[in-house]
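Colleague: Just passing along the structure, written as structure tokens.
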Amino acid sequence: MAHWFDLGDVAVVSLIEDDRLLIEPGEFFPGLEPDLADWYAREPWFDRAAEKLVFVIQSFLVCSADEVLVVDACVGAGKDRQRPEFDQLPDRWRQQFLATGLREADVDAVVFTHLHTDHVGAATAQREPVFPHAPHFVVEQEFRYWSSEAGGAAMRRTGDYLADSVLPIEQAGQLRFVAPDAVVGRHAELVPAAGHTPGNVCVRVRGSAGTVLLAGDTMHHGVQIRHPELSTRYCVEPGAAARVRGALLDEVAGSGAVFVPTHFPVPSAGRVRRGQAGYDFEFAADLVRTGQFRYREWLGSLVTLGRRGSAPVAARSQWADRG
Ligand SMILES: [Zn+2]
């Protein structure tokens, strides 16, 4: 079931490539033996029959009358990848994108929280950029790391996704290096979160009726809410990743802010509270709207609801001249 988050004059739309990727706890968190009495070891976080952690592979559209952003781009279709669940995928991502009524030329910018294989793929097809007018924002340190020998070594595990999914964007002149706290849209700014990878960031999205922090891979699974010190096998700097995670949890628990870690089970968005046995997580049902998001209908509803005074379609015509 499709869903999106209602922030008033901004909609954050979840595009899900895989809603149930199962992974052995020990593959992701070496040595982890889940505490079966705890909430993170039950549905929707944990598949008891398979004894595996549940992950979602997704990215987000940030839609307003002003602009459309794509935040991360999943694995993508038709890519050669080592992990069987990622290899030569059908075009699920694009089908969901098109179902919103948007077309590739409507996308004003793409934001990469980091350059792992499950966050970049759908931005290219056949080694060509998919979004013709969009700058693709990434922190320079992130790109430099994956282009280095150390980063290249990690790609033997995944398949060389840099070559087929990131370098074509650079070669087309569409990759833009930004600071880790850059403003990337009328309603979106980056939040530094280096650790999982050297240039990892979160994306804060502000609307008239709410704010969410798209937390990317700063956190992967509910077990890390209980145990913030637990970094994954794939964290480049595990110590820094743990510190960033601890600070993030402290912040969202204190402020009641909604955060959306990419790989948390649907609907992924939630709030953290301090409980007796550590932090607890509660899904933010108040922001979630189920059903297919359709961009033009939603723009029309903004006018009807008085959230926006002028005809929103006028904003669209400026876009075609850009890029
Ligand atoms: Zn990821």
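Colleague: What percentage of the solvent-accessible surface of the range 1-92, computed with a 1.4 Å probe over protein heavy atoms, is contributed by carbon and sulfur atoms?
Modeller: 48 percent
Colleague: Once you list every other residue whose beta carbon is under 11 Å from the beta carbon of residue 44, what net charge do they have if Lys and Arg are +1 and Asp and Glu are -1?
Modeller: Working: positive: 20, 42; negative: 19, 43, 47.
Computed value for this residue: -1.
Colleague: Need one number: nm distance between label points at residue 154 and residue 80, each 7 Å from Cα along Cα→Cβ, rounded to one decimal.
Modeller: Reported label-point gap for residue 154 and residue 80 is 2.2 nm.
Colleague: Using Cα springs under 10 Å in a Gaussian network model of the chain, which residue among 150, 11, 49 shows the largest mean-square fluctuation?
Modeller: For the chain, modelled as a Gaussian network with Cα springs under 10 Å, the answer is 49.
Colleague: Show 72, 35 ordered by accessible area, largest first, where the area counts protein heavy atoms only and the probe is 1.4 Å.
Modeller: Sorted by accessible area, descending: 35, 72.
Colleague: If you count the DSSP beta bridges with both ends in the chain, what percent of them are antiparallel, to the nearest 5?
Modeller: So the antiparallel bridges in the chain amount to around 75 percent.
Colleague: What is the distance in Å between the Cα centres of the range 8-52 and the range 162-179?
Modeller: Centre-to-centre distance over Cα atoms comes out at 31 Å.
Colleague: With charges only on Cβ, +1 for K and R and -1 for D and E, what is the dipole size of the chain about its Cα centre, in debye, rounded to 20?
Modeller: 600 debye
Colleague: What distance in nm separates the two pseudo spin-label positions at residue 292 and residue 48, each 7 Å out from Cα along the beta-carbon direction?
Modeller: In this crude spin-label approximation the distance works out to 3.6 nm.
Colleague: Sticking with this structure for a sec: Amide H of residue 17 versus every other amide H placed in the peptide plane: which residues, excluding those fewer than 5 positions away on the same chain, fall under 5 Å?
Modeller: When sequence neighbours closer than 5 places are left aside, the close amide H contacts are 57, 58, 59.
Colleague: Quantify, in whole percent, the carbon and sulfur part of the accessible surface of the range 126-167 (1.4 Å probe; protein heavy atoms only).
Modeller: About 50 percent, which is the carbon plus sulfur part of the accessible surface.
Colleague: Moving on to the next point. Using Cα springs under 10 Å in a Gaussian network model of the chain, which residue among 84, 135, 192 shows the largest mean-square fluctuation?
Modeller: Evaluated over the chain, the most mobile residue of the options is 84.
Colleague: For a quick check, take a GNM of the chain with Cα springs below 10 Å and name the residue from 23, 169, 225 with the largest mean-square fluctuation.
Modeller: 23
Colleague: If you count only protein heavy atoms and use a 1.4 Å probe, how large is the accessible surface of residue 117, to the nearest 10 Å²?
Modeller: Counting only protein heavy atoms, the figure is 10 Å².
Colleague: Additional query: Explain nothing, just the number: relative contact order of the chain, from Cα pairs under 8 Å at least 6 residues apart, as a whole percent.
Modeller: Computed value for the chain: 20 percent relative contact order.
Colleague: Over the range 3-315, average the accessible area per residue using a 1.4 Å probe and give it in Å², no decimals. The partial results should precede the final answer.
Modeller: Working: 12350 Å² over 313 residues.
The answer is 39 Å² per residue.
The values are calculated or read from the model by the stated rules, or taken from the named source; none is laboratory data. Model, not experiment: these values are computed from the prediction. Every residue, glycine as well, gets a Cβ built from its backbone with ideal geometry; the counts of neighbours run over all protein chains shown. The accessibility values were calculated without ligands, DNA or RNA, using every heavy atom of the protein model including side chains. Shrake-Rupley method; radii C 1.70, N 1.55, O 1.52, S 1.80 Å.
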